[in-house]
1. In the range 138-171, what residues are more than 24 Å from Leu52 (Cβ to Cβ) and aliphatic (A, V, I, L, M)?
2. Answer yes or no as to whether Lys77 is open to solvent by 90 Å² or more (accessible area, probe 1.4 Å), over 25 Å from Val150 (Cβ atoms) and of a type outside the set (Gly, Ala, Ser).
3. On the given criteria, is Asn69 of a type outside the set (Asp, Glu), farther than 26 Å from Gly179 by Cβ and modelled with pLDDT under 85?
4. Looking only at the range 147-197, filter to residues that are in contact (Cβ under 8 Å) with a residue 60 or more places away in the chain and open to solvent by less than 70 Å² (accessible area, probe 1.4 Å); which one of those is farthest from Ile74 (Cα to Cα)?
5. Filter the range 125-145 down to residues that are at pLDDT 85 or above, open to solvent by less than 60 Å² (accessible area, probe 1.4 Å) and outside any helix (DSSP H, G or I), then give me how many there are.
6. Quick one: what pairs do we get from the range 134-146, first residue under 12 Å from Ile97 (Cβ atoms), second open to solvent by 60 Å² or more (accessible area, probe 1.4 Å) and of a type in the set (S, T, N, Q), C-beta under 9 Å, 6+ apart or different chains?
7. Which pairs do you get when a residue that is aromatic (Phe, Trp, Tyr), found in the range 6-19, comes within reach of a residue that is surrounded by 10 or more Cβ atoms within 10 Å (Cβ to Cβ), reach meaning Cβ atoms under 9 angstrom, with the pair 6+ apart or on two chains?
8. Open to solvent by less than 80 Å² (accessible area, probe 1.4 Å) and either under 23 Å from Arg185 (Cα atoms) or of a type in the set (Ser, Thr, Tyr) (or both) - does that describe any residue in the range 52-63?
Amino acid sequence: MINIIWVAMTVIGLLFAAANGRMKEVNEAIFHSANEAVTLCIGLISVLVFWLGMMRIAQDAGLLQKLSNLFKPIILKLFPEVPSDHPAVGYILSNIIANMFGLGNAATPLGIKAMEQLKVLNGGKSEASRSMITFLALNTSGLTLIPTTVIAIRMNYNSTGPTDIVGPTLVATICATAGAIIIDRFFYHRRAKKGDK
């Protein structure tokens, strides 16, 4: 469905530009954006490689295990249907920790694996379970300690203070995560009450 939307937006944009005689500007924008995208990707790769390396050092030093042990009781409270020894718990923890360090690209495959494991727990049903909804809410709100990608983008565009975003990001993601949990629990309990009736 998303592919259809993107194709439709592109075709509509090109037709609109052709109808208004602005194809020259569109062509210039396409080539300029392509050049800028390559420059941005190279800048992002360097920062992501650095933080992935730091994550590897943290893993070898046992810091990630300590963080996992710290967050595991919270995760088990948020996901009461998931057994503590189930592989989904490990994937959920890894996804959350990767998101905390702003490594969205590393967090994505872990999130997909977590969803696959939660679907197995749900009996393979196409309808999302409570745990799947909670995980989606947590993953979308994305508590972030170090917004690596945003820092890299700000560095690429010569920001005078690329790390100034750390404080506001932390406050915003704490609020978003707290809001996601509250809304998730509100609708879960509301649905549970309707089910009791």
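The values are calculated or read from the model by the stated rules, or taken from the named source; none is laboratory data. On a predicted model such as this, the values are computed, not experimentally measured, just so you know. Methodologically, a virtual Cβ is constructed for each residue, glycine included, from the backbone with ideal geometry; neighbour enumeration extends over all protein chains shown. For accessibility, only protein heavy atoms count, side chains too; no ligands or nucleic acids. Shrake-Rupley method; radii C 1.70, N 1.55, O 1.52, S 1.80 Å.
1. Within the range 138-171, Val171 is the sole residue that qualifies.
2. Values: open to solvent by 90 Å² or more (accessible area, probe 1.4 Å): yes; over 25 Å from Val150 (Cβ atoms): yes; of a type outside the set (Gly, Ala, Ser): yes.
Here the answer is yes, as Lys77 does meet what is asked.
3. Details: of a type outside the set (Asp, Glu): yes; farther than 26 Å from Gly179 by Cβ: yes; modelled with pLDDT under 85: yes.
Yes; evaluated as a whole, the condition is true for this residue.
4. Within the range 147-197, the first condition is being in contact (Cβ under 8 Å) with a residue 60 or more places away in the chain, and the residues that meet it are 148-149, 151-153, 155-156, 181.
Going one step further and asking which of them are open to solvent by less than 70 Å² (accessible area, probe 1.4 Å), we end up with 148-149, 151-153, 156, 181.
Details: Thr148: 25, Thr149: 27, Ile151: 29, Ala152: 31, Ile153: 32, Asn156: 37, Ile181: 12 Å.
Going through the qualifying residues, I end up with Asn156.
5. 4
6. Correct list of pairs: Ile146/Thr163.
7. Phe16/Arg22
8. No, every residue in the range 52-63 fails to be open to solvent by less than 80 Å² (accessible area, probe 1.4 Å) and either under 23 Å from Arg185 (Cα atoms) or of a type in the set (Ser, Thr, Tyr) (or both).
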